[in-house]
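> My questions will all concern the structure given below.
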Amino acid sequence: MLNSNKSKILLVYTGGTIGMVKDYDSGALRAFNFDKLLKSIPELNQLDCGIKALSFKEPIDSSNMDPQHWIKIAKIIEENYEDHDGFVVLHGSDTMSYTASALSFLLENLSKPVILTGSQLPIGDLRTDAKENLITSIQIAALKEKGKSVVQEVGLYFEYKLYRGNRTTKINAEHFQAFASLNFPHLIESGVHLNVFKEYLYRHKNRRQLVIHEQMDNNVAVLKLFPGIGEKVLYSVLNTEGLKALILETYGSGNAPTETWFLEAIKKAIKKGVHVINVTQCSGGSVIMGQYETSAQLKKIQVINGKDVTTEAAVTKAMYMLGAGISDKLFKTIFETPLRGEMH
């Protein structure tokens, strides 16, 4: 039987719509006072767990989220790791999938839940989705079985579903169901009961101590292919000063133009030490290098196979690996290996 055993949960507010309240005189949104959290949301008192809240000194819109903020969140979790059983990170939805992916890499050997959530409407709005998302995220973070956390990974909870964080993408700017995980099933579904799909939960093979990584290298670019993409565009991106990795969003199962200029430019960049990673620009599905002639050439010149990874996870994995100082020789092999359940 799943229960919380009076779990201690830390809420970390970074910014975003969920932490806003509407000033009914002016109609403007302002940051919510998290010191008054329990008073403002009395339902939280009914939860069978202890809740502590802390906020970024200056909450940010998630459009301003960057690697330094990811490291800051990871450090907050590290500092409070021994004293808490689970963590709920309140975050703007626009870049939530990037943050969830980044945290999955920065928090190595995680054995407690880190649940990201947010909302499409502010917490004070009559029709808000914030309360349900917040309350259920706390319940999920508090779930224990035989004294151990049920969820032991970075998850993203939105609109009745918990997803593996590094498998998600924001798919809608207006619907309450704003996220999807098209290449991996959801982990928990909230209905009358919390239905936990244990077979999909991430489990570490070895029980090791939590390791926090504090370096990310953002010398990474993303280039989405489109019919008519020009030689000058490709050349300018590949020759960006300091570029170390390029996420190439290709067609379908990893296909790209077969023109000589295109392949030569990619080949030259790889020889120069730029890691070129092939991910599909489709919402779901996987790169299968060599399935068609249009990807066989990319395979031949040692383009990295991104398999079924999301662009968000590819970007943050590349930043993490570059920050960790992975050698050029090992980079391709390690990138093509699942590190946190981010790819098959």
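The values are calculated or read from the model by the stated rules, or taken from the named source; none is laboratory data. The model shown is predicted, which means the values in this text are computed figures rather than measured ones. Note: ideal-geometry Cβ built from the backbone for every residue, glycine included; neighbour counts use all protein chains shown.
> State whether the residues of segment 297-307 include one that is surrounded by 15 or more Cβ atoms within 10 Å (Cβ to Cβ), under 19 Å from the mean Cα position of the chain (by Cα), on the phi < 0 side of the Ramachandran plot and not assigned by TED's automatic domain parsing to the domain that holds Thr169.
For segment 297-307, residues surrounded by 15 or more Cβ atoms within 10 Å (Cβ to Cβ), under 19 Å from the mean Cα position of the chain (by Cα), on the phi < 0 side of the Ramachandran plot and not assigned by TED's automatic domain parsing to the domain that holds Thr169: present.
> Among Leu225, Leu248, Leu201, which is the only one that is in contact (Cβ under 8 Å) with a residue 40 or more places away in the chain, among the aliphatic types (A, V, I, L, M) and over 30 Å from Lys299 (Cα atoms)?
Leu201
> I'd like the residue in segment 280-294 that is in contact (Cβ under 8 Å) with a residue 24 or more places away in the chain and farther than 14 Å from Thr169 by Cα and, out of all such residues, is surrounded by the most Cβ atoms within 10 Å (Cβ to Cβ).
Val287
> Here is a follow-up. For segment 159-179, which positions are outside any loop (DSSP other than H, G, I, E, B) and under 13 Å from Ala100 (Cα atoms)?
Within segment 159-179, Leu162, Tyr163, Arg164, Gly165, Asn166, Arg167, Thr169, Lys170, Phe179 meet the criteria.
> Now for a separate question. Limited to segment 175-201, what total is found for residues that are buried (at least 17 other Cβ atoms within 10 Å of the Cβ) and either among the β-branched types (Val, Ile, Thr) or within 16 Å of Glu132 (Cα to Cα) (or both)?
5
> Shifting gears a bit: Every residue in segment 92-133 that is touching a Pro at 6+ places or on another chain (Cβ under 8 Å) and within 21 Å of Leu44 (Cβ to Cβ), please.
Of everything in segment 92-133, those that are touching a Pro at 6+ places or on another chain (Cβ under 8 Å) and within 21 Å of Leu44 (Cβ to Cβ) turn out to be Thr128, Ala130.
> Next question. Could you list, in sequence order, the residues of segment 130-169 that are acidic (Asp, Glu) and surrounded by fewer than 24 Cβ atoms within 10 Å (Cβ to Cβ)?
Glu132, Glu145, Glu159
> Okay, next question. Specify which of the listed residues (Asn109, Asn172) is without any contact (Cβ under 8 Å) to a residue 24 or more places away in the chain and surrounded by fewer than 19 Cβ atoms within 10 Å (Cβ to Cβ).
When all the criteria are applied, what remains is Asn172.
> Here's a follow-up. Condition first: of a type outside the set (D, E, K, R), more than 23 Å from Met319 (Cβ to Cβ) and not in a loop (DSSP other than H, G, I, E, B). Now tell me which residues in segment 181-228 satisfy that.
Ile188, Ser190, Leu194, Asn195, Val196, Tyr200 - these are the residues of segment 181-228 that are of a type outside the set (D, E, K, R), more than 23 Å from Met319 (Cβ to Cβ) and not in a loop (DSSP other than H, G, I, E, B).
> Looking at segment 10-26 only, could you name the residues that are out of contact with any Pro (no Cβ under 8 Å at 6 or more places or on another chain) and at pLDDT 70 or above?
Leu10, Leu11, Val12, Asp25, Ser26
> Continuing with this model, one more query. Filter segment 322-340 down to the residues that are within 19 Å of Arg167 (Cβ to Cβ) and in contact (Cβ under 8 Å) with a residue 60 or more places away in the chain and list them by number.
Phe335, Leu339, Arg340
> Specify the residue that is nearest to the chain's Cα centre (by Cα); the eligible residues are those in segment 139-177 that are among the small types (Gly, Ala, Ser) and under 17 Å from Leu107 (Cβ atoms).
Gly165
A quick yes/no check of all residues on (1) modelled with pLDDT under 95; (2) surrounded by 11 or more Cβ atoms within 10 Å (Cβ to Cβ); (3) in contact with a Cys (Cβ under 7 Å, 6 or more places away or on another chain); (4) over 27 Å from Ile326 (Cβ atoms):
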{"residue": "Arg203", "(1), (2), (3), (4)": "yes, no, no, no"}
{"residue": "Leu210", "(1), (2), (3), (4)": "no, yes, no, no"}
{"residue": "Leu223", "(1), (2), (3), (4)": "no, yes, no, no"}
{"residue": "Lys232", "(1), (2), (3), (4)": "no, no, no, yes"}
{"residue": "Val237", "(1), (2), (3), (4)": "no, yes, no, no"}
{"residue": "Gly252", "(1), (2), (3), (4)": "no, yes, yes, yes"}
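Yes/no matrix, rows are residues, columns are (1) surrounded by fewer than 18 Cβ atoms within 10 Å (Cβ to Cβ); (2) more than 14 Å from Ala141 (Cβ to Cβ):
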site	(1), (2)
Pro42	yes, yes
Gln46	yes, yes
Ile51	no, no
Phe56	yes, yes
Asp61	yes, yes
Pro67	no, yes
Ala74	no, yes
Ser97	no, yes
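> Oh, and also: Does Leu263 fit the bill of being surrounded by fewer than 22 Cβ atoms within 10 Å (Cβ to Cβ) and in contact with an Asp or Glu (Cβ under 6 Å, 6 or more places away or on another chain)?
no
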